[in-house]
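Read the structure below first, then the notes.
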Amino acid sequence: MTGLSILIRARDEALGLPATLAAIAGQRIDLPVEVIVVDSGSTDDTVAIAEAAGARVVHLSTTYRPGLAVNIGMQAAAMPVVVLVSASAFPAGPDWLAALVAPLREDGDGRLAGTFGRHLPVPGVCPIEEPLLARIFSETATGAPFSFTNAAVRRNVWERHPCDETIAPGGGDDREWAARIGRAGYDVRYVPES
């Protein structure tokens, strides 16, 4: 593995994006990292914040569809593994990125198409969400659903199996992609340490 592209889908994320970008900059990893923000028409300071942090900004010039935003970001990515993270999803610590991509680095046969990690709630932001995320994405969860909120994907697998651009926001574009690549003989793995 020669490096990582980190893809952040964003629209009007000026409040959460700075913390996410700072956490990405503080990762302990021995690979080059590029950060790409796919902006979907932000009207706040999202673009300026991303550029000031050194991210490359790609603009989505049509109606937002999550799969379309992923596909545009993947096309812009230069590295063989692309890490997808939501703009307001803060990496939990400085080893998040290394833990997320470790199984991909160790995979000898290339059948592991992607990894995904825990979703930790921001304390106090949504009290209803906290117990739900703690249950679904626990350290011992066996049925956690694949999610582009915190995932790493082999770019060469995505090239053969791009995201469905017709799925509306909230429609499960990430789970559809994981199911489709599973039918094609690939695996995804939950990495609770990330």
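Brief remarks on what is shown
- Of all the numbered requirements in (1) open to solvent by less than 30 Å² (accessible area, probe 1.4 Å); (2) farther than 23 Å from residue 21 by Cα; (3) modelled with pLDDT under 85, residue 113 misses one, and that requirement is (3).
- Scanning the range 42-90 for residues that are assigned to a loop (DSSP other than H, G, I, E, B) and within 14 Å of residue 153 (Cα to Cα) gives 77, 78, 79, 80.
- Of everything in the range 139-190 that is acidic (Asp, Glu) and part of a helix (DSSP H, G or I), the residue that is nearest to residue 99 (Cα to Cα) is 174.
- The set of residues from the range 80-98 being within 16 Å of residue 114 (Cβ to Cβ) and not small (Gly, Ala, Ser) comprises 80, 81, 82, 83, 84, 85, 96, 97.
- Residues in the range 19-37 that are crowded, with 17+ Cβ neighbours inside 10 Å, free of Cβ contacts under 8 Å to residues at least 40 places away in the same chain and over 22 Å from residue 113 (Cα atoms): 1 in all.
- Selection within the range 1-18 - charged (D, E, K, R) and either within 15 Å of residue 92 (Cβ to Cβ) or open to solvent by less than 10 Å² (accessible area, probe 1.4 Å) (or both): none
- The residues in the range 38-96 that are touching a residue at least 40 places away in the same chain (Cβ under 8 Å) and basic (Lys, Arg) can be counted, and the count is 1.
The values are calculated or read from the model by the stated rules, or taken from the named source; none is laboratory data. Only a predicted model underlies this, so the values are computations on that prediction, with no experimental measurement involved. Glycine also receives a Cβ, built like all others from the backbone with ideal geometry; neighbour counts cover every protein chain displayed. With ligands, DNA and RNA removed, areas are computed over all heavy atoms of the protein, side chains included. Shrake-Rupley method; radii C 1.70, N 1.55, O 1.52, S 1.80 Å.
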